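Student: Submitted below is the structure of interest, expressed as structure tokens.
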Amino acid sequence: MEAKDNGPKKKLSNGAIEGPTNPMVTPLLTDLYQFTMAYAYWKAGKHQERAVFDLYFRKNPFGGEYTVFAGLEECIRFIANFKLTEEEINFVRESLSSSCEDGFFDYLRGVDCSDVEVYAIPEGTVVFPKVPLMRVEGPIAVVQLLETPFVNLINYASLVSTNAARHRNVAGKSKTLLEFGLRRAQGPDGGVGASKYCYIGGFDATSNVAAGKLFGIPLRGTHSHAFVSSYMSLDEITDKSLCRKDGLSTCDDFVSLVQTWLNKIQLSKGVFGATNQSELAAFISYALAFPDGFLALVDTYDVMRSGIPNFCAVALALCDLGYKAGGIRLDSGDLAYLSSEARKFFCSIEKEFGVPGFGKLTITASNDLNEETLDALNKQGHEVDAFGIGTYLVTCYAQAALGVVFKLVEINNQPRIKLSEDVSKVSIPCKKRSYRLYGKEGYPLLDIMTGENEPSPKVGERILCRHPFQESKRAYVVPQHVEELLRCYWPGSSDKKTDTLPPLRDIRERCIKQLELMRPDHMRRLNPTPYKVSVSAKLYDFIHFLWLNEAPVGELQ
């Protein structure tokens with residue numbers, strides 16, 4: 001199944017944007033304190049004050065030095081359809097204190113996002129800590145109501161996309177990666193989301209049929225051990241006929257053709273006895289059902305003594321009728337050894353019986369794979385062409401959450417800062433612009449944040465880049481290319497030009513190209529070189545001025 005535009009069109013016939021993919025994403029998908037704050041803002045007459053919030057994260061996940069940004073489209077779908085129903089307003093009324101005035105609920109009836117502006121880095125971009133992924137501007141009470149759903153929609157999406165990208169990086173470009181995680185995902189919404197964002201992160205296909213329908217992700221799958229063990233003998237195959245691929249004739253007894261080939265293999269090899277006949281029956285039955293896509297799970301009984309010979313006999317019989325088998329799947333055992341032995345077996349069959357391409361049949365491996373096992377397989381040497389990865393991928397087993405935050409950086413054109421004894425939690429104040437500076441070799445050198453009204457970095461002009469909080473970390477950079485990161489995706493009441501939401505396959509392509517642009521030492525799995533995130537000299541001075549101005553001065557007695 002080939003990739004297509006991601007499912008339903010994003011815009012309806014009237015120009016409106018469709019709602020979130022998950023119907024559970026409503027204005028009530030938020031924390032209670034967002035509504036209590038909204039009421040307090042309204043009560044104090046502050047609810048219409050213009051606020052600016054940055055959405056960002058503080059540390060790259062999985063011990064790495066990069067993150068893939070995902071989830072933006074769902075955020076835009078959410079705000080494009082943000083409206084509380086009367087039933088939802090009544091529930092909010094019941095959930096808040098009885099002292100809340102009726103006027104607040106009248107206010108909620110008129111709340112939408114028509115006066116909210118959203119600027120974001122394009123989905124699928126490689127991103128780094130502290131740099132705003134999204135900047136949200138609007139009436140403070142409304143934007144506050146967006147905080148929790150935005151953080152929720154970005155957190156898991158970016159985490160699992162990054163996890164997928166890391167698996168792709170270890171597996172290599174030439175391998176096929178299949179997402180098989182639906183049965184182990186955190187609920188149906190986690191399963192569907194994982195399929196979408198693993199595809200963005202570089203996976204080729206999914207087993208998840210719902211995700212295939214919703215997003216146009218290619219589907220892949222064969223059969224389970226249950227299918228193999230459900231057969232007892234060859235006698236269960238009643239219809240033994242199979243039409244040739246060209247349709248010119250029919251093989252009346254495909255079972256006998258397979259048995260003939262199995263005997264030839266046994267005589268040729270002379271290294272194994274009788275294979276498991278119930279397994280053979282299952283393979284023949286599956287091949288009769290899917291002669292064009294026969295891919296067999298070969299480890300139900302014994303891979304080399306039964307599964308591989310049985311598969312080869314069926315594959316050779318299919319070849320006689322003009323079909324080409326897909327290959328095998330290994331789901332247990334020593335995957336490096338078994339894949340290498342299977343490849344040798346296939347190559348010997350090709351040479352012995354003169355079947356072109358038989359030695360290159362696809363070998364797929366599954367069985368609780370993760371980054372570490374992929375890395376170990378690479379070091380051991382293997383012949384696996386495709387990896388089916390589930391649990392460790394979709395549950396992000398190595399790290400539970402990305403840690404996305406949503407911080408107020410400006411209100412009524414006045415910069416605000418959040419301080420902490422933990423320097424990593426100090427926010428970078430004011431409305432900012434973000435740029436990626438590229439060097440002579442074409443790699444990104446660093447990301448730099450500036451004040452909104454500062455002049456943009458220019459190609460060929462030296463700029464001083466400073467670490468936001470460490471005085472001694474600074475460097476001059478002469479960029480060869482400058483890319484502004486934040487783009488407008490929701491203009492609110494302004495007339496600003498907006499970027500369109502691209503199809504899913506375009507987001508995936510962007511992600512792949514972004515990862516290829518990065519310097520290899522930033523991408524390596526162990527001890528990666530930290531990527532530099534900096535601020536302009538002017539913004540650095542302002543951060544520390546505001547820090548000193550806001551921090552209370554102690555008194556010793």
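Student: State yes or no: is F254 under 21 Å from F353 (Cα atoms) and assigned by TED's automatic domain parsing to the domain that holds G354? First the steps, then the outcome.
Tutor: Numbers: under 21 Å from F353 (Cα atoms): yes; assigned by TED's automatic domain parsing to the domain that holds G354: yes.
Answer is yes for this residue.
Student: Take the residues in segment 325-353 that are closer than 16 Å to W261 by Cβ and aromatic (F, W, Y), then tell me which one is farthest from the chain's Cα centre (by Cα).
Tutor: Once the filter is applied, the top-ranked residue is F353.
Rundown of residues vs (1) outside the structural domain of E410 (by TED's automatic domain parsing); (2) out of contact with any Gly (no Cβ under 8 Å at 6 or more places or on another chain); (3) modelled with pLDDT under 95, yes/no style:
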| residue | (1), (2), (3) |
| --- | --- |
| K4 | yes, no, yes |
| G15 | yes, yes, yes |
| D54 | no, yes, no |
| G64 | no, yes, no |
| F69 | no, no, no |
| E88 | no, yes, no |
| S98 | no, yes, no |
| D102 | no, yes, no |
| V111 | no, yes, no |
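Student: Being within 30 Å of D204 (Cα to Cα) and in contact with a Phe, Trp or Tyr (Cβ under 6 Å, 6 or more places away or on another chain) is the filter here, so list the residues in segment 224-253 that pass it.
Tutor: Result: K245, single match.
Student: Quick one: D252 ticks every box in (1) in contact (Cβ under 8 Å) with a residue 40 or more places away in the chain; (2) open to solvent by 70 Å² or more (accessible area, probe 1.4 Å) except a single one, so which number is it?
Tutor: (1) is the only condition that D252 fails.
One line per residue, one yes/no per condition, for (1) of a type in the set (F, W, Y); (2) modelled with pLDDT under 95:
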| position | (1), (2) |
| --- | --- |
| F469 | yes, yes |
| E484 | no, no |
| T500 | no, yes |
| E509 | no, no |
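Student: In addition: Name the one entry in D334, D320 that is touching a residue at least 40 places away in the same chain (Cβ under 8 Å) and of a type in the set (D, E). Working first, answer last.
Tutor: Values: D334 fails: touching a residue at least 40 places away in the same chain (Cβ under 8 Å).
None of the others qualify; the one that does is D320.
Student: Shifting gears a bit: Where in segment 386-486 are there strands (runs of 3 or more DSSP E), lying fully within it, with 2 or more residues that are open to solvent by 10 Å² or more (accessible area, probe 1.4 Å), within 20 Å of I543 (Cβ to Cβ) and free of Cβ contacts under 8 Å to residues at least 60 places away in the same chain? Steps first, answer last, please.
Tutor: Details: elements: 386-389, 404-411, 432-438, 444-451, 463-466, 474-477, 481-484.
In segment 386-486, the matching strands (runs of 3 or more DSSP E) lie at 474-477.
Student: Out of segment 302-359, which residues are outside any helix (DSSP H, G or I), within 25 Å of A289 (Cα to Cα) and acidic (D, E)?
Tutor: Hits for segment 302-359 are D302, D331.
Student: Ok, one more. List the helices (runs of 4 or more DSSP H) inside segment 145-231, counting only whole elements, that have at least 1 residues being open to solvent by less than 30 Å² (accessible area, probe 1.4 Å) and of a type in the set (K, R).
Tutor: Values: elements: 187-200, 209-215, 225-229.
Output list reads 187-200.
Student: I'm trying to understand the selection: among the residues of segment 487-504, which are open to solvent by 50 Å² or more (accessible area, probe 1.4 Å) and part of a loop (DSSP other than H, G, I, E, B)? Talk me through it step by step, then tell me what you get.
Tutor: Residues of segment 487-504 that are open to solvent by 50 Å² or more (accessible area, probe 1.4 Å), as a first pass: 487, 490, 493, 495-500.
Passing the criteria: S493, D495, K496, K497, T498, D499, T500.
Student: Starting from residues that are over 44 Å from the mean Cα position of the chain (by Cα) and not β-branched (V, I, T), keep the ones in segment 242-255 and report whichever is farthest from V314 (Cα to Cα).
Tutor: Step one: of segment 242-255, the residues over 44 Å from the mean Cα position of the chain (by Cα) are 248-253.
Going one step further and asking which of them are not β-branched (V, I, T), we end up with 248-249, 251-253.
Values: L248: 21, S249: 19, C251: 13, D252: 15, D253: 13 Å.
Only one residue tops the list, namely L248.
Student: Here's something else I'd like to know. Of these, K269, K324, which one is basic (K, R) and either open to solvent by less than 10 Å² (accessible area, probe 1.4 Å) or touching a Gly at 6+ places or on another chain (Cβ under 9 Å) (or both)?
Tutor: Answer to the selection: K324.
Student: Also, I was wondering about something else. Inspect all residues belonging to segment 106-125 and state whether any of them is in a strand (DSSP E or B), out of contact with any Lys or Arg (no Cβ under 7 Å at 6 or more places or on another chain) and surrounded by 18 or more Cβ atoms within 10 Å (Cβ to Cβ). Steps first, answer last, please.
Tutor: From segment 106-125, those in a strand (DSSP E or B) are 117-120; that's our starting set.
When the remaining residues are screened for being out of contact with any Lys or Arg (no Cβ under 7 Å at 6 or more places or on another chain), the result is 117-118.
If we keep only those that are surrounded by 18 or more Cβ atoms within 10 Å (Cβ to Cβ) as well, we get 117-118.
Yes, there is a match, as at least one residue in segment 106-125 is in a strand (DSSP E or B), out of contact with any Lys or Arg (no Cβ under 7 Å at 6 or more places or on another chain) and surrounded by 18 or more Cβ atoms within 10 Å (Cβ to Cβ).
Student: Sticking with this structure for a sec: Quick one: in segment 505-557, which of the residues that are over 18 Å from S472 (Cβ atoms) and among the basic types (K, R) is most open to solvent (accessible area, probe 1.4 Å)? Let's see the steps before the verdict.
Tutor: Our first condition is that a residue be over 18 Å from S472 (Cβ atoms); within segment 505-557, this holds for 505-529, 531, 538, 542, 545-546, 548-557.
Retained after the next criterion (residues that are among the basic types (K, R)): 505, 508, 510, 513, 519, 524-525, 538.
Details: R505: 104, R508: 37, R510: 61, K513: 114, R519: 74, R524: 109, R525: 56, K538: 141 Å².
This residue is K538.
Student: Would you be able to say whether some residue in segment 291-301 is assigned to a helix (DSSP H, G or I) and either open to solvent by less than 30 Å² (accessible area, probe 1.4 Å) or in contact (Cβ under 8 Å) with a residue 40 or more places away in the chain (or both)?
Tutor: Here is the first cut: in segment 291-301, the ones assigned to a helix (DSSP H, G or I) are none.
There is no residue in segment 291-301 that is assigned to a helix (DSSP H, G or I) and either open to solvent by less than 30 Å² (accessible area, probe 1.4 Å) or in contact (Cβ under 8 Å) with a residue 40 or more places away in the chain (or both).
Student: I'd like the full set of residues that are of a type in the set (S, T, Y), part of a loop (DSSP other than H, G, I, E, B) and buried (at least 19 other Cβ atoms within 10 Å of the Cβ), limited to segment 22-71.
Tutor: Applying the first criterion (of a type in the set (S, T, Y)) to segment 22-71 yields 26, 30, 33, 36, 39, 41, 56, 66-67.
Imposing the further condition that a residue be part of a loop (DSSP other than H, G, I, E, B) reduces the set to 26, 30, 66.
T30, Y66, listed by residue number.
The values are calculated or read from the model by the stated rules, or taken from the named source; none is laboratory data. None of these values were measured; they are calculated from a predicted model. No Cβ is skipped: glycine too gets one built from the backbone with ideal geometry, and neighbour counts run over all protein chains shown. For the accessible areas, the whole protein counts, side chains as well, though only heavy atoms, and no ligand, DNA or RNA atoms are used. Shrake-Rupley method; radii C 1.70, N 1.55, O 1.52, S 1.80 Å.
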